[in-house]
């Protein structure tokens, strides 16, 4: 008994159901409108964000200590590298410390972890730029719609992870301890 390719691929579905759909358009329209509205409003998940936007610090012993700075993401990553990128005083890079919330000095963080910046109280007044970089694996793929009727409409290709950067995220002014947008 021979089956046509169409019957074999559709596993017995009636061709009119494939063409006409199984649900009236009036039921799909609200869902489509909702998705279009989200797209137009650009309501996307948080890929990689550094918060807060205002940094406040206080004195703890021999250091000015920033409030917790969080590497926020709706996705998981384990390789965010936080560094002091530049400073108004090049010698400060060697004395400024980046510590986790337990007070341990390190420069690699996971998603949604926080850190603090420690600046010696005897450091000259100036500013520091903090750099945060992470590779965030986004569930993404590409689809291709053929212009030829009757041909397969989609082909998916995996996209490799891309590095997400928050370069020069913030500038800390100590002694004044104010925040400036980078």
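The values are calculated or read from the model by the stated rules, or taken from the named source; none is laboratory data. Fair warning: this is a prediction, and the values are worked out from it, not measured in the lab. Backbone-built Cβ (ideal geometry, glycine too); neighbour counts: all protein chains shown.
Residue pairs whose Cβ atoms lie under 6 Å apart, separated by 6 or more positions or on different chains, with the first residue in the stretch 37-52 and under 24 Å from residue 80 (Cα atoms) and the second at pLDDT 75 or above and part of a loop (DSSP other than H, G, I, E, B), are 45/74; 46/73; 46/74; 48/73. Residue count for the stretch 106-124, restricted to those that are touching a helix residue (DSSP H, G or I) at 6+ places or on another chain (Cβ under 9 Å), surrounded by fewer than 17 Cβ atoms within 10 Å (Cβ to Cβ) and not in a strand (DSSP E or B): 1.
Could you tell me whether residue 71 is modelled with pLDDT of 70 or more and exposed (fewer than 10 other Cβ atoms within 10 Å of the Cβ)? No. When restricted to residues that are touching a strand residue (DSSP E or B) at 6+ places or on another chain (Cβ under 7 Å) and without any contact (Cβ under 8 Å) to a residue 12 or more places away in the chain, the stretch 98-112 contains 2. Of everything in the stretch 51-66 that is loosely packed, with under 14 Cβ neighbours inside 10 Å and modelled with pLDDT of 90 or more, the residue that is nearest to the chain's Cα centre (by Cα) is 60.
Condition check ((1) surrounded by 14 or more Cβ atoms within 10 Å (Cβ to Cβ); (2) out of contact with any helix residue (DSSP H, G or I) (no Cβ under 6 Å at 6 or more places or on another chain); (3) modelled with pLDDT of 65 or more; (4) closer than 14 Å to residue 81 by Cα) across all residues:
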position: 93; (1), (2), (3), (4): no, yes, yes, no
position: 104; (1), (2), (3), (4): no, yes, yes, no
position: 126; (1), (2), (3), (4): yes, yes, yes, no
position: 158; (1), (2), (3), (4): no, yes, no, no
position: 167; (1), (2), (3), (4): no, yes, no, yes
position: 175; (1), (2), (3), (4): no, yes, no, no
